[in-house]
Each structure stands twice: as C-alpha cells, then as structure tokens.
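The values are calculated or read from the model by the stated rules, or taken from the named source; none is laboratory data. Computed from a prediction, not measured in an experiment: that's the story for all the values here. Every residue, glycine among them, receives a Cβ derived from its backbone with ideal geometry; neighbour counts consider all protein chains shown. Surface accessibility is based on the protein's heavy atoms, side chains included, excluding ligands, DNA and RNA. Shrake-Rupley method; radii C 1.70, N 1.55, O 1.52, S 1.80 Å.
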Amino acid sequence: ALANARSGRIVEGGSTITQQYVKNTIVGPELSLDRKIREAALALQLEDSMSKQEILEGYLNTVYFGNGAYGIHVASRTYFSRPPVQLALPQAALLAGMIAGPERFDPVDHPNQALERRNYVLDRMLEINMIRRQEHVRAAGSPLGLRLQPRRTRGPAFHFIEYVKDQILRSRTFGFTYGERYNLLFRGGLRIHTTLRPEMQRAATDAVKGVLSQPGDPYGGLTAIDPRTGHILAMTSGRGFRTGRPDRFAHVNLATGGITGRQSGSSFKTFALVAALENGISPTQLFMGGSSILINDPRCPGTDSDPWYVRNYEGSATGTITLEQATIKSVNVVYAQLIRDLTPDPVAEVAARMGIRSKIRGFCSSVLGANEVNSLEMASAYGTLATNGVHIPP
C-alpha cells in the first residue's frame, strides 16, 4: 500500500492463497483498489466456509504452470506424463516452485533456473520439518526427470479448436483487453458450443488424406460451410495422419491460410465471371479461342516489357466460344481477354464483396489464380452464389 501510494498507481500487490484463488475464479485480474477490496472481502467469506485444504486444492486446480497447463492435474501430465498422485517428492517440489513464475522457472526452456527453484522449495520444506534430511539430500541431488507429454497436433478437429480459441482471443465481445479474454477462455469455466459436425469433419479429413496420401505430397486444407448460415461444418489441415516423426508443419492451419495462403488457380475465374455479369457482359458473348494468346495492353504487362502471353492448360485449343462454354471448360485465353476488357480492379472488388478477405493484388494474371487465398474464405465466397448474391460471413 505504501509503494502504491508513493507512486500514485498500482505497482505492487500482495495476496494470500485464498485471495489468489478468488482472483482466478471470481473477480479477475483487473488492477484496481475496488477489485482488491472485493477480493479481500470474498476471501474472508471463503475462509469461513472452506478448509485450508479445500482452498489449496481449488487454487491448484486453477493456477497456471506454463506450457499451456492450467491446473495441477494437467501440469503433472504435461511435465511428467503421470497424475499428481504418482508424483515423487522432487517432481512435486518442481511444480510447486513454478507457480510464482511459470515462464521464468519453465523446466523446458530454463532448466537451470527450474532446478534452483525446485531445490529452494526443498530447502524450505526441510526448514519447516515437512521432510527429513535424508529425503532432502536424495531429492535435491536428483535430475529434473521430465517426461514431457507430446502436444496433441492431431485429433478430430485440432485446427478448428485452435481457430475457435483465436476468435475468442481476438473479439472484444469476450473482454476489453487481451488479458481479460485470455483469462475468460482458459480460466473462466466456459462451455463452448460450436458449429462443427463430427461426421463431416471425419469426411473432410478422409478427403484430404485420400488425395494427398504420400509422404512427399504437399499439405492440404479443406473447409466446408453452410452458406445459408455461415456455419463452419468442417475444417481440416495437414495430411491427417502421422508420419512417424515430429511434424514441424502440424500446427499450421492451411484452411485459414497458414502464412500466406495458396494460389487460387482457375477457381478465381468465378469472380471475373460475376464482374462480367455485373458489367453487362452476357454469358452468350463470343470470344476468340485458340491454344494461346498475346495480350498487348499496358494494363496487363508480361515479362521484360513483353506482351502478356497466356496459354490454355496443356495447350488445348478451342475455336470461337461463348463465355459460358469458356467457364465450363476453364479456357484461360478467354478469361485473359475478359479481365483485359474489365480491368483487374472490378474483379478484385467483386471478390472482396463475395467474401475474400486476403489482399488481392490488382493485376491481370489474378484471373488465372496468381493471388493467394485460403479454403475458408473461398468456401465463404462461393457460398455467396448459393445464396443468390447475399454473403453470410463464416
């Protein structure tokens, strides 16, 4: 109180175990005198209704132990792959010592500090006669003995769960500050209902696995959305199976883009088609076919100041063809002419209105899929066609 009065703001705080338990479960971490008074009052009431053992148990079930482990049971599994009842003395002392600074005394990243902290706990236990000297010597001389439980990077909907957590941590609906949202998500006792349908999730995982099944194959992602509601029904990423060794890409969610997304390829032609319809170009309008074309237009530059050269997939040729047939057959040379006539900006604007949230660079080759997108926004954007032009956000 003296330090806070001198500084004119809260710079220090002190709490009993009971107060910390109340803070974790009821009043939250807000730095204010009002919160501290409510915390103390509730702690006094709790002391009257619960034993010290019950309070300590509740506290240990809510406190953070680092590495995503909230509560003593999860911490014991995380660091030693066993339940708390099976912990040996040095293991229990290590976890007890971590509570004051789970990052600073993290045995994974800072083993020396963790060992020193554990032995400090053992020293105090000896001083207050909780353990005998022989036990102290044996425990203090033992290694950390970690048996880390592997982080789950699989499961029926690993990436979707991470996506939901990220939505909560980003939205002020769940708290004004990131800290408030974080505490609500991991300490608030929430029951979260999502839109995912397990049978569709299994089908999505099988679909990706069925196409990209070999170790040398690229990774894939799939998202399924109900366009009427925007509900995400399935979201999968990666190969969907174990490769037999640690997978450093396992946590990357390709369904939401990963780092940059993937080039959209010919699926981007749909946005040019919609832009054409909005600008009065009929599906029956005729375009010149052929296996390739040179577009000599300053708005559609090629390489080294040459005209833009476009060829059809595998060099397939067509004669004069309607826009409708060019869409069915995915004819590159027709869509190159179409974006030349429209210019790239209206196509990018249509894509954004339909649901593409990635930045679309306005150049002609975007119609052939040069921009990076992800399966979540592409499913959402295509859903806009299914709802007759009304975009429902995912």
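Here are some notes:
- Here the stretch 34-154 is assigned +1 on the Cβ of each Lys and Arg and -1 on the Cβ of each Asp and Glu. Its dipole about the Cα centre then comes out at about 540 debye.
- Taking Cα centre as origin and charging only the Cβ of basic (Lys, Arg, +1) and acidic (Asp, Glu, -1) residues, the dipole magnitude of the stretch 181-326 rounds to 1020 debye.
- Efficiency of FRET from Cβ geometry, Asp345 and Ser142, R₀ 51 Å, rounded to 0.05: 0.15
- Answer label, with Rg/Rh (Cα atoms, Kirkwood Rh) calculated from the coordinates and candidates (1) 1.14; (2) 1.09; (3) 0.99: (1)
- Share of carbon and sulfur in the accessible heavy-atom surface of the stretch 261-313 [1.4 Å probe, %]: 52 percent
- Amide H contacts under 5 Å for Leu233: Ala224, Ile225, Asp226, restricted to partners 5 or more places along the chain or on a different chain, H placed in the peptide plane at 1.01 Å from N.
- Under 22 Å from the Cα of Lys329 - lysines, other chains or at least 8 residues apart: Lys269
- Arg77 - accessible surface, heavy atoms, 1.4 Å probe, Å² rounded to 10: 90 Å²
- A 1.4 Å probe run over the stretch 1-133, with the rest of the protein chains in place, finds 59 Å² accessible per residue.
- Candidate lysines - alpha carbon under 20 Å from Lys52, same-chain residues fewer than 8 apart omitted: Lys23
- Helix-only [θ]222 nm of the chain, DSSP H runs n ≥ 4, -39500 (n - 2.57) each, per residue, nearest 500: -13000 deg cm²/dmol
- Cα-based helix-to-principal-axis angle, 178-187 vs the chain, degrees rounded to 10: 70 degrees
- Dipole magnitude of the stretch 16-77, debye to nearest 20 (Cβ charges: Lys/Arg +1, Asp/Glu -1, about Cα centre): 180 debye
- In this structure, the amide hydrogen of Gln263, modeled 1.01 Å from its nitrogen in the peptide plane, lies closer than 5 angstrom to those of Val373, counting only residues at least 5 positions away or on a different chain.
- Using alpha-carbon coordinates, inclination of helix 33-49 to the longest axis of the chain, degrees: 60 degrees
- The amide H of His251, built 1.01 Å from its N in the peptide plane, has no neighbour under 5 Å, considering only residues 5 or more places off or on other chains.
- Acute angle (nearest 10 degrees) that the helix 269-278 long axis makes with the longest principal axis of the chain, alpha-carbon atoms: 60 degrees
- Among Leu146, Leu233, Leu368: highest mean-square fluctuation, GNM of the chain, C-alpha pairs under 10 Å: Leu146
- Accessible surface of Leu254 - all protein chains present, 1.4 Å probe, nearest 10 Å²: 40 Å²
- For the stretch 135-230, the fraction of 1.4 Å probe accessible surface lying on carbon and sulfur atoms is 56 percent.
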